[in-house]
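Some notes on the structure that comes next.
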Amino acid sequence: MMISPNQEWILTFCGGYIVPPCRGMELAEVTNLVVGSQIPIDQIPDNYFYPLFLNSTNEYLVDIAFTPENGQQNTVRTLVREVAWGDDGQRENAAHQLAVSLAWATLSHLRSGLLVILTGTNNENHRVVIWKFPADNALRAQVRREGMNIEFLSNAFSSESKYWKAAVFEGTQADTSFWEGKISDDQMKSKTKPYADYWVFGFLNSRPRMTNVEGSRLLAKVLKDTIGKTYLIDQKEALINAAGVIKHQQDTRISLRIFADTYLPEESRDVFINIAGDEIADDVFDIEEEVLNREFRYKSIFIEEDFMIRGPLDEFDDFVNIRDTNRENIKSISMEGRITSEDIRIR
Amino acid sequence: MNEELYKEYESRRGILSDVLHEVEERLKISLENTPRIDQISTRVKTTDKFIEKAARNIEGTEKDKYKFPLEEILDQMGARIVVYYLDDVEPVSKVILKEFREIEDERKEPPEVDQFGYIARHFICFIHKEIEIKYRPPICFFELQISTLFQHAWAEANHNLGYKSTEDLEDDDKRKIAWAAAQSWGADKIFEELWGKYGKPKTNNNGSK
């Protein structure tokens with residue numbers, strides 16, 4: 001055991017495994033291809049790993065939940081719990097099984113990886129952090145007395161690659177703990193793919209904690225609130241149009257932050273994220289068109305082709321009064337309210 | 001009684017109640033277009049019942065069932081949906097699974113096929129993250145039961161008898177309770193059949209009603 005420098009977390013177990021991509025292979029074969037073992041805590045580069053371990057719960061932003069397999073069971077969750085507080089033999093066995101599970105889930109066109117599992121305790125709390133460092137070529141340079149020496153390393157693993165992945169789970173030994181965790185996936189930065197399916201669905205046997213219905217409804221609510229706080233007509237229109245665009249991207253996996261960065265005018269992004277809250281802005285979900293249609297509905301009426309009145313459907317009739325006249329096809333329209341913005345444009 | 005545990009649970013009931021109120025609102029909205037729902041109700045477990053449950057032993061042993069009762073007792077926040085017919089359980093379940101992320105999805109029924117007793121569909125679900133951020137409750141899941149009118153009637157009548165364990169019952173009484181459960185099972189089957197025959201909207205061969 002190693003007592004951390006600030007005595008906050010005591011690191012209790014570390015395992016490292018080379019994990020080749022083995023999707024589609026037989027499990028027995030995969031087990032033989034995964035190599036590695038427990039690493040004594042005092043032999044890990046703690047000035048690299050300890051800060052990663054410590055900051056994991058703050059920096060890994062996407063909440064996930066284990067998928068129940070049979071009632072309340074989940075094989076990966078069981079293994080994570082065994083790694084967290086099993087005896088040495090159980091921990092090493094569980095860590096190896098996790099490595100095999102990752103190899104089996106990894107698509108054949110992906111690179112091998114270094115799986116590192118690090119656990120720690122803090123009073124009754126246990127934390128398990130899992131990292132995958134993808135294989136990468138590297139050069140090592142050394143200045144020697146006889147001159148510079150450059151060596152090509154084919155067995156290096158990268159912490160900077162976009163294929164780097166991480167997961168953290170934390171809780172007590174309660175039966176109900178470790179049902180959720182957080183992940184980090186540098187593929188999130190691509191904005192088109194918030195995380196790799198094989199890491200969450202395949203390896204961790206999990207799903208985003210936020211359901212698609214919950215996320216889509218939240219998106220609609222935050223967007224409506226953002227429109228309410230926006231006074232410029234151009235920006236309002238851009239926000240309404242953004243909803244129109246995203247509605248038709250059924251099954252697009254997104255977070256509120258990715259939506260803001262991709263679809264909203266720059267001036268509106270901070271407002272949108274402030275309304276959503278940082279804590280929820282990175283949770284991912286798939287767009288459900290039906291939910292957006294239900295929760296985000298704007299009614300527009302055009303008068304004589306040039307004049308438009310637009311507003312939220314559920315408030316429209318409160319503000320806009322439309323009456324028949326005694327002239328055919330002619331309506332009388334009246335509104336009462338504050339003018340919050342006026343715009344003159346050359347079209 | 002564990003005084004500390006009592007106080008700790010008592011102190012959390014207010015927040016749990018606020019959270020559950022929002023959960024109930026969400027359940028009602030999400031199910032407003034789902035037909036044949038008799039009731040949607042929620043409750044926070046009373047402190048006395050929580051302490052009673054926390055004190056339970058693992059069956060047949062002297063060992064505590066719950067090492068961390070404040071985390072492990074799953075029905076501190078409970079919701080119940082009662083539907084008319086057996087056929088109505090699945091559509092409600094589908095809505096629930098779209099709305100909430102589940103930790104557990106289980107059909108509770110007697111262990112043997114020739115036994116009669118408690119039957120219901122049980123979920124343990126995460127509360128929505130928005131609610132969790134708003135209230136910061138000490139637990140973030142609730143239990144949801146879906147049962148038919150007859151399953152619910154039997155369960156409520158049985159529960160209110162007040163016995164703590166079936167070991168307290170005489171053999172004849174156990175048979176009577178099982179007999180009553182069999183009647184509710186039978187009533188569900190009969191009404192399922194009748195509903196299919198007379199009540200269910202028919203579709204034509206071309207799929208229209």
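Using Cα pairs under 8 angstrom and six or more residues apart, how large is the relative contact order of chain A, in percent?
15 percent
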Notebook entry, point to check: Within 10 Å of each Cβ of B:96-104, how many other protein chain Cβ atoms are there on average?
Noted result: 6
Next item on the list: Quote the Stokes-Einstein diffusion coefficient, in whole µm² s⁻¹, for the protein assembly as shown, based on the Kirkwood radius over alpha carbon pairs, a temperature of 25 °C and a viscosity of 0.890 mPa s.
Entry: 89 µm²/s
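Using only the alpha carbon atoms of the stretch A:154-285, find the Kirkwood hydrodynamic radius as the inverse mean reciprocal pair distance, in angstroms to one decimal. Each step should come with its number before you reach the end.
Values: mean 1/r = 0.0608 Å⁻¹.
Across the stretch A:154-285, the inverse of the average 1/r is 16.5 Å.
Do any GluC sites (Glu not before Pro) in the stretch B:155-192 lie in a loop, going by DSSP, with at most 14 other beta-carbon atoms within 10 Å of their beta carbon, and if so which?
On the way: sites: B:GLU156, B:GLU167, B:GLU170, B:GLU192; in loops: B:GLU170.
Passing sites in the stretch B:155-192 are B:GLU170.
Which entries of B:LYS28/B:LYS189; A:LYS182/B:LYS134; B:LYS65/B:LYS129; A:LYS182/B:LYS45; A:LYS221/A:LYS299; B:LYS7/B:LYS67 show an alpha-carbon separation above 25 angstrom in the structure shown? Working shown, then result.
Values: B:LYS28/B:LYS189 27 Å; A:LYS182/B:LYS134 20 Å; B:LYS65/B:LYS129 29 Å; A:LYS182/B:LYS45 30 Å; A:LYS221/A:LYS299 17 Å; B:LYS7/B:LYS67 17 Å.
With Cα atoms farther than 25 Å apart: B:LYS28/B:LYS189; B:LYS65/B:LYS129; A:LYS182/B:LYS45.
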Notebook entry, point to check: With each label point set 7 Å from Cα along the Cα-Cβ vector, what nm distance links A:GLN90 and B:GLU32?
Noted result: 4.9 nm
Checklist line | Descending principal axes extents, the stretch A:117-160, alpha-carbon based, whole Å | finding: 55, 23, 14
Check: In a GNM of chain A with a 10 Å cut-off on Cα contacts, which of A:LEU264, A:LEU204, A:LEU115 has the highest mean-square fluctuation?
Finding: A:LEU264
Checklist line | Scattering profile of the stretch B:57-191 at q = 0.12, 0.15, 0.18 Å⁻¹ [log10 I(q)/I(0), Debye over alpha-carbon scatterers] | finding: -0.60, -0.90, -1.16
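If the only charges are +1 at each Lys and Arg Cβ and -1 at each Asp and Glu Cβ, what is the size of the charge dipole of the stretch B:101-149 around the Cα centre, to the nearest 20 debye? It would help to have the intermediate numbers written out before the result.
Numbers: 7 positive and 10 negative charges, 78 e Å.
With only Lys, Arg, Asp and Glu charged at Cβ, the dipole is about 380 debye.
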Check: Taking chain A as a Gaussian network, where each spring joins two C-alpha atoms under 10 Å apart, which residue of A:ILE233, A:ILE280, A:ILE254 fluctuates the most?
Finding: A:ILE233
Notebook entry, point to check: Label 7 Å along Cα→Cβ of A:ASP261; the stretch A:222-247 residues with amide nitrogen under 16 Å?
Noted result: none
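Determine how many Å³ per residue the convex hull of the Cα atoms of the stretch B:1-114 encloses.
Measuring per residue, one finds 137 Å³ for the Cα hull of the stretch B:1-114.
Can you pull out the GluC sites (Glu not before Pro) in the stretch B:1-93 whose DSSP state is coil and whose Cβ has at most 12 other Cβ atoms within 10 Å?
Details: sites: B:GLU3, B:GLU4, B:GLU8, B:GLU10, B:GLU22, B:GLU24, B:GLU25, B:GLU32, B:GLU52, B:GLU59, B:GLU62, B:GLU71, B:GLU72; in loops: B:GLU32, B:GLU59, B:GLU62.
Qualifying residues, ordered by number: B:GLU32, B:GLU59, B:GLU62.
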Check: Under the definition of partner shielding as Cβ atoms of other protein chains within 10 Å of a residue Cβ, what is the mean value for peptide A:211-218?
Finding: 5
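Which FRET efficiency value, to the nearest 0.05, is calculated for A:ARG338 and B:SER11 with the Förster distance at 35 angstrom and r the Cβ-Cβ distance? Walk me through the numbers on the way to the answer.
On the way: r = 46 Å, r/R0 = 1.31.
Efficiency at R0 = 35 Å is approximately 0.15.
If R0 is 22 Å, what FRET efficiency do you get for A:LYS299 and B:GLU25 from their C-beta distance, rounded to 0.05? Before the final figure, lay out the partial values.
Numbers: r = 25 Å, r/R0 = 1.16.
With a Förster radius of 22 Å, E is 0.30.
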Note to self: Let me confirm one metric for peptide B:62-70, namely the mean number of other chain beta-carbon atoms within 10 Å of its residues' beta-carbons.
What the structure shows: 2
Notebook entry, point to check: In whole Å and largest first, what semi-axes does the C-alpha gyration tensor of the stretch A:210-347 yield when each eigenvalue is scaled by 5 and square-rooted?
Noted result: 31, 17, 13
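Assigning unit charges at the beta carbon (Lys, Arg +1; Asp, Glu -1) and nothing else, what dipole magnitude in debye, to the nearest 20, does chain A show about its Cα centre? Could you put the intermediate results ahead of the total?
Numbers: 37 positive and 53 negative charges, 127 e Å.
That gives chain A a dipole magnitude of about 620 debye.
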Check: With θ set to phi - 60° and the Karplus curve 6.51 cos²θ - 1.76 cosθ + 1.60, what are the ³J(HN,Hα) couplings of the stretch A:131-146 in order, to the nearest whole Hz, using x for Gly and Pro?
Finding: 10, 10, 9, x, 5, 8, 7, 8, 10, 10, 10, 9, 8, 10, 4, 7
Notebook entry, point to check: In a GNM of chain A with a 10 Å cut-off on Cα contacts, which of A:ASP314, A:ASP63, A:ASP324 has the highest mean-square fluctuation?
Noted result: A:ASP324
Check: How high is the relative contact order of chain B, in percent, with contacts defined as C-alpha pairs under 8 Å that are six or more residues apart?
Finding: 20 percent
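Just so you know, all these numbers are worked out from the coordinates, no wet-lab data involved. Please read these numbers as outputs of a predicted model, since none were measured by experiment. Cβ atoms come from the backbone with ideal geometry, glycine included; neighbour counts cover every protein chain shown.
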